[in-house]
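First comes the structure, then the notes that go with it.
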Amino acid sequence: MPTYKAPVDDVMFLLRDVFHVERYNNLPGFADATPDVVEAVLVEAAKFCEDVLAPLNRIGDKEGCRRHADGSVTTPPGFKDAYKKLVAGGWAGASAPAEFGGQGLPTVLTQAVREFLYSSNMAFAMYSSLALGAVAAIYNHGSAEQKARYLQKLISGEWAGTMNLSEPQCGTDLGQLRCRAVPQPDGSYQITGTKIFISAGEHDLTDNIIHLVLARIEGAPPGTKGISLFIVPKFLLNPDGAPGARNAVSCGSIEEKMGIHGNATCVMNYDGATGWLTGEKHRGLYAMFTMMNTARLSVGVQGLALSEVAYQNAVAYAKERLSGRALGGAKFPQQPADPIIVHPDVRRMLMTMRAFNEAARALVLWTALKGDIARRSTDAKEREAADDHMGLMTPVIKGVLTDQGFANTVAAQQIFGGHGYIAEHGMEQFVRDARIAMIYEGTNGIQALDLVGRKLAKDGGRAFQALFAEVSGYINERGADPAMAPYVTPLRQALGELREATTWFMQNALGNPDNAGAGATDYMQLFGLVALGYMWCRIVDAAKAKTAAAGMDDKLIIGRFFMERMLPATATHLARIKAGAESTMALPAEAF
Ligand SMILES: Cc1cc2nc3c(=O)[nH]c(=O)nc-3n(C[C@H](O)[C@H](O)[C@H](O)COP(=O)(O)OP(=O)(O)OC[C@H]3O[C@@H](n4cnc5c(N)ncnc54)[C@H](O)[C@@H]3O)c2cc1C
C-alpha cells in the first residue's frame with residue numbers, strides 16, 4: 001500500500017526563507033499567521049491527511065461511489081466519517097472571509113494544505129474544493145441575501161457546492177449550451193436541462209448541495225453572451241435557512257471512469273428546478289470565471305500533489321528493490337544486487353520528479369501569495385499587479401503542472417517495473433487519478449490558447465511585461481555572483497527564448513491565427529519552464545543563505561539538475577513554435 005508524508009518542512013522553507021511571508025503582515029489575516037501558527041496548522045493538516053485520508057485512498061478507488069434507484073449516491077466506506085473530521089477541523093473554508101465564518105487564513109497557507117489533501121486522497125479532497133469555487137462565485141457576484149443564505153454553510157463545509165457547465169453536446173464550447181431558465185413571478189427561475197460529468201453532483205456527505213448552474217434565459221442571445229449563472233440548491237431553503245423541500249434536480253447516473261472513483265461524476269437532470277440568478281443576466285460566464293479560476297489553480301495543485309505522492313513511493317521502492325550492479329562497480333557488495341537507486345536511468349526519473357515538485361510547489365505558493373495580495377491589499381496598484389500575475393499564471397499552473405504531474409506519475413510507475421502496472425502497490429491508481437487533471441477545468445490545450453490568445457495581449461501586455469521585468473531584473477542583479485552562474489546563466493538563456501517566442505507570435509500570429517494555435521502548447525510549456533527555473537533560482541538563493549541547515553546542499557544539486565537536464569527543453573519548444581502551423585495544418589481533414 002502506498003504511503004504519504006506531507007512535505008511540511010519544504011513548505012515552511014518556502015514560506016519563511018524564499019517568500020518571506022512575514023513581510024506581508026500588513027495584509028489582513030497575515031499578522032495572526034505567525035511562523036508558529038503556520039507550522040502548527042501544517043503539522044495538524046499533515047496528520048489528518050497522513051492518518052485519515054491516505055488510508056482511504058485505495059478504498060475509495062476500489063469501492064467507488066454507488067447510485068441507488070432513488071437517485072441518491074453513497075460515497076465509499078469511510079468517506080463520510082472523514083468528511084465530518086474535515087469539517088470539525090475547520091479545513092473546509094480555512095481561508096474564507098471571517099465575516100462568513102471562515103478563519104481568514106492566508107491562501108498561501110491553505111493552498112499548501114490543499115496539496116496535502118490532494119496527495120493523500122484526491123477524489124475525497126475534490127468534494128470540499130468544489131465548494132470553495134461556489135463560495136468564490138457567490139462572494140464576488142451574489143446578492144447580499146444570497147451571501148447570507150449560502151456562504152456560511154458552504155464555508156463551514158456543512159453544505160457542498162458544484163459547478164454545472166458541461167452538457168452532452170458541449171464542454172469547451174459553452175456557446176452551444178442548451179439548459180434553459182424560465183423567469184417566475186416570484187423572481188426565481190425554472191431550470192430545465194441535462195448537465196453531464198458533474199463532479200460531486202450527488203453524494204451523502206452533506207445536508208445540502210448548492211449547484212451553480214449555467215443556463216440560458218428564455219429569449220437570451222445565442223452563444224456565450226446569452227448565458228447566466230444560477231444557484232440551484234438540492235434542498236430549497238426554509239425561511240429560517242434550513243434545508244426544506246427537495247428541488248427538482250436529481251442524479252440520473254454516475255459515470256464509470258478511469259480514476260478518481262471516490263468522487264461521484266454525475267449526470268444531473270434539472271426538471272424545472274427552482275434557481276436564482278446570481279450576478280448579472282447574460283453575464284454568467286463572467287461570474288463562472290471567478291469560480292473557474294479558483295478551480296484551475298486547485299487543479300494545477302492536483303498535478304503537483306500526485307507527482308509528490310508518486311515520487312515518495314518511487315523513492316522508497318528504488319531504495320529497496322535489488323537489481324543489477326552500479327555501472328562503476330557494486331555499491332552494496334554484501335547484498336545479492338544493488339538497489340535500483342544506484343542506476344543513472346532510475347536517478348534520471350527520480351531527479352526529474354523531485355526537481356519538478358519543489359519548483360512547482362514554489363510556483364503555487366508564490367501565486368497563492370499574489371492571490372492574497374490581490375484580495376487583501378489596500379493599495380490599488382499592488383492589487384492590480386498581483387491580479388495580473390494571477391491571470392497570467394493560472395493557465396500555466398493548470399496546464400504545465402498537470403501535464404508534468406501526470407508524466408511524473410508514469411515515471412514513478414516505471415520505477416516499479418511490472419509491479420507498477422499491477423494494482424497491488426497503488427502506483428497505477430496515481431496514474432489514473434492524475435490523468436483527469438489535464439482534461440477538466442478546461443483542457444490543457446485550452447489553457448495554452450487562453451495564455452497565448454488572451455493573457456499575452458491583455459491590457460497591452462502589462463502582466464507579461466511585469467513578469468519579464470521581474471525575472472530579468474533578478475538575472476541582472478544575481479548574474480554577477482559566480483556562485484549563482486550555474487543557475488542564472490541558463491535562466492537568462494531560457495528567458496531570451498521566451499521573449500523570442502513572444503515576439504514571433506506578435507509578428508506571425510495576427511496574420512495567421514493557426515500559428516498561435518499550433519504553437520500554444522509549446523509556448524505554455526516554455527513559459528512554465530522559465531517560471532520553474534526562476535523558482536529554482538529563488539530556492540537556491542535561500543538555500544545558500546542557510547547551508548548549515550539540513551537538506552540545503554541537496555537543493556543546490558537538485559536546482560542544478562533542473563537547469564542542466566530540464567530547462568534546455570525550452571530550445572525545442574522555441575524551434576517548434578517558430579516552425580509555424582504550415583505542416584500541422586497542410587493535410588485536408590479527409591487525408592486523416
Ligand atoms: C471526471 C470528470 C469530472 C468533470 N467535472 C466537471 C464538473 O464538475 N463540472 C463541469 O461542468 N464539467 C466537468 N467535467 C467536464 C470537463 O470540464 C470537460 O470534459 C472538458 O472541459 C472538455 O470538454 P469536452 O469533454 O466536451 O471536450 P470537447 O470540448 O469536445 O473537446 C475535445 C477536444 O477538442 C479540443 N478542443 C475543443 N475545442 C477546441 C478549440 N476551440 N480549440 C482547440 N481545441 C479544442 C479539446 O482540447 C479536447 O482535446 C468533468 C469531466 C470529467 C471527465
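The values are calculated or read from the model by the stated rules, or taken from the named source; none is laboratory data. Just so you know, these numbers come straight off a predicted model, no measurement behind them. Every residue, glycine among them, receives a Cβ derived from its backbone with ideal geometry; neighbour counts consider all protein chains shown. Note: areas computed on protein heavy atoms with side chains; ligands, DNA, RNA excluded. Shrake-Rupley method; radii C 1.70, N 1.55, O 1.52, S 1.80 Å.
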**Complete:** Of the conditions (1) away from the ligand (no atom under 16 Å from the Cβ); (2) of a type outside the set (Ser, Thr, Tyr); (3) modelled with pLDDT of 95 or more; (4) within 17 Å of residue 278 (Cβ to Cβ), the single one that residue 113 does not satisfy is (4)
**Prompt:** With (1) outside any loop (DSSP other than H, G, I, E, B); (2) more than 13 Å from the ligand (Cβ to nearest atom); (3) crowded, with 23+ Cβ neighbours inside 10 Å as the list, and residue 134 as the residue in question, which single condition is left unmet?
**Reply:** (2)
**Complete:** Across (1) more than 26 Å from residue 560 (Cα to Cα); (2) out of contact with any Leu (no Cβ under 8 Å at 6 or more places or on another chain), residue 377 clears everything bar (2)
**Message:** Is it the case, given these coordinates, that residue 187 is more than 10 Å from the ligand (Cβ to nearest atom), in contact (Cβ under 8 Å) with a residue 60 or more places away in the chain, touching a Leu at 6+ places or on another chain (Cβ under 9 Å) and part of a strand (DSSP E or B)?
**Reply:** no
**Prompt:** Looking only at segment 279-304, which residues are of a type in the set (S, T, N, Q) and open to solvent by 30 Å² or more (accessible area, probe 1.4 Å)?
**Reply:** 290, 293, 294
**Asked** Which of the residues that make up segment 305-352 are of a type in the set (Asp, Glu), open to solvent by less than 50 Å² (accessible area, probe 1.4 Å) and within 23 Å of residue 7 (Cβ to Cβ)?
**Response** 308
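Yes/no per residue for (1) crowded, with 17+ Cβ neighbours inside 10 Å; (2) within 16 Å of the ligand (Cβ to nearest atom):
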{"site": "382", "(1), (2)": "no, no"}
{"site": "391", "(1), (2)": "yes, no"}
{"site": "429", "(1), (2)": "yes, yes"}
{"site": "440", "(1), (2)": "yes, yes"}
{"site": "444", "(1), (2)": "yes, yes"}
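Taking the condition within 13 Å of residue 108 (Cα to Cα), at pLDDT 95 or above, out of contact with any Leu (no Cβ under 6 Å at 6 or more places or on another chain) and buried (at least 19 other Cβ atoms within 10 Å of the Cβ), does residue 15 pass?
Yes: the conditions hold for residue 15.
Within segment 547-566, track down each residue that is assigned to a helix (DSSP H, G or I) and open to solvent by 40 Å² or more (accessible area, probe 1.4 Å).
Step one: filter segment 547-566 for residues assigned to a helix (DSSP H, G or I), giving 552-566.
Of everything in segment 547-566, those that are assigned to a helix (DSSP H, G or I) and open to solvent by 40 Å² or more (accessible area, probe 1.4 Å) turn out to be 553, 554, 557, 560, 564, 565.
Residue under question is residue 256, and the condition is that it be in contact with a Cys (Cβ under 9 Å, 6 or more places away or on another chain) and either charged (D, E, K, R) or surrounded by fewer than 17 Cβ atoms within 10 Å (Cβ to Cβ) (or both); does it hold? Please lay out each step first, then the result.
Details: in contact with a Cys (Cβ under 9 Å, 6 or more places away or on another chain): no; either charged (D, E, K, R) or surrounded by fewer than 17 Cβ atoms within 10 Å (Cβ to Cβ) (or both): yes.
For residue 256, the condition - in contact with a Cys (Cβ under 9 Å, 6 or more places away or on another chain) and either charged (D, E, K, R) or surrounded by fewer than 17 Cβ atoms within 10 Å (Cβ to Cβ) (or both) - is not met.
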**Item:** Matching residues, segment 170-184, being within 12 Å of the ligand (Cβ to nearest atom) and either among the hydroxyl-bearing types (Ser, Thr, Tyr) or open to solvent by less than 70 Å² (accessible area, probe 1.4 Å) (or both)
**Value:** 170, 171, 172, 174, 175, 177, 179
**Request:** Could you look through segment 147-169, keep only residues that are touching a Phe, Trp or Tyr at 6+ places or on another chain (Cβ under 8 Å) and open to solvent by 20 Å² or more (accessible area, probe 1.4 Å), and pick out the one that is nearest to residue 224 (Cα to Cα)?
**Result:** 166
